[in-house]
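Engineer: My structure is below; once you've seen it, I'll send some questions.
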Amino acid sequence: LLKPDVSVYAIQENKANDYKGIDRCIMSLLDIHIEFKWSTTEEPFVKHPTATSLVANTGNARDTLGQLSTYAAAQLAAQYRTHAFSIFVLRKKARIIRWDREGAIVTEPIEYDTDPSLVQFLSLY
């Protein structure tokens, strides 16, 4: 059973009552999933000048990336989409991730309390 921290749905107003009381993620209807982490060891993406990969090489980081990619893969498998978005929040920074069947594109960390980029993304989505 997949349970992102936050599941965002675009539900038509006249059908909102159909979904009351549902306590699980419905991948076929999911628009965006948001995952929150507190420990910096769970940051799956790193940017080091000498690194050849954006993916962190620690156990907790790999677990987080596995969690995020599992949610994205399940969403893409359940829907007729070319891509999907998710948001990863670590303390006071967030990253927007665009997933498709080839991989992912990840933003630089967004300090959402001072940078309006995350709010702009969500308002335009």
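Engineer: Can you tell me, using C-alpha contacts under 8 Å and at least 6 residues apart, the relative contact order of the chain as a whole percent? Display every interim value, and only then the final one.
Structural biologist: Details: 175 pairs, mean separation 25.1, N = 125.
Normalised by residue count, the contact order of the chain is 20 percent.
Engineer: For Asp5, list long-range residues whose amide hydrogen, built 1.01 Å from N in the peptide plane, is under 5 Å from its own amide hydrogen.
Structural biologist: Correct list: Ile34, Phe36.
Engineer: Next up: Can you give the helix-only mean residue ellipticity at 222 nm for the chain, where every DSSP H stretch with n ≥ 4 adds -39500 (n - 2.57) and the sum goes over all residues, rounded to the nearest 500 deg cm²/dmol? Let's see the in-between values first.
Structural biologist: Working: 2 runs with 28 residues, N = 125.
Per the formula, -7000 deg cm²/dmol.
Engineer: In whole percent, how big is the carbon plus sulfur part of the accessible area of the chain, probe 1.4 Å, protein atoms only? Don't skip to the end; give the middle numbers.
Structural biologist: Working: 4380 of 8140 Å².
Here it works out to 54 percent.
Engineer: At a Cα cut-off below 20 Å, give the aspartates and glutamates reachable from Lys37, other chains included and same-chain residues fewer than 8 away excluded.
Structural biologist: In chain and number order, the partners are Asp5, Asp63, Glu108, Glu111, Asp113, Asp115.
Engineer: Using packing as a proxy for protection, rank 26-33, 57-64 so that the peptide with the highest average count of other Cβ atoms within 10 Å comes first. Please list the in-between numbers first.
Structural biologist: Working: 26-33: 17.4, 57-64: 14.5.
Packing order, densest peptide first, comes out as 26-33, 57-64.
Engineer: Give the accessible area for Phe45 in Å² (nearest 10); use a 1.4 Å probe, count only protein heavy atoms, and leave out ligands, DNA and RNA.
Structural biologist: 10 Å²
Engineer: Accessible area per residue for the stretch 54-119 in Å², computed with a 1.4 Å probe and the full protein assembly in place, what is it? The partial results should precede the final answer.
Structural biologist: Working: 3700 Å² over 66 residues.
Spelled out: the 1.4 Å probe surface of the stretch 54-119, per residue, equals 56 Å².
Engineer: For semi-axes √(5λ) of the Cα gyration tensor in Å, the listed values are [x] 27, 22, 11; [y] 26, 17, 14; [z] 48, 14, 10; which was obtained by calculation from the structure presented?
Structural biologist: Here semi-axes √(5λ) of the Cα gyration tensor in Å agrees with entry [y].
The values are calculated or read from the model by the stated rules, or taken from the named source; none is laboratory data. Fair warning: this is a prediction, and the values are worked out from it, not measured in the lab. Virtual Cβ from ideal backbone geometry, glycine too; neighbours counted across all protein chains shown. Protein only, heavy atoms only, side chains kept; ligands, DNA and RNA dropped before computing areas. Shrake-Rupley method; radii C 1.70, N 1.55, O 1.52, S 1.80 Å.
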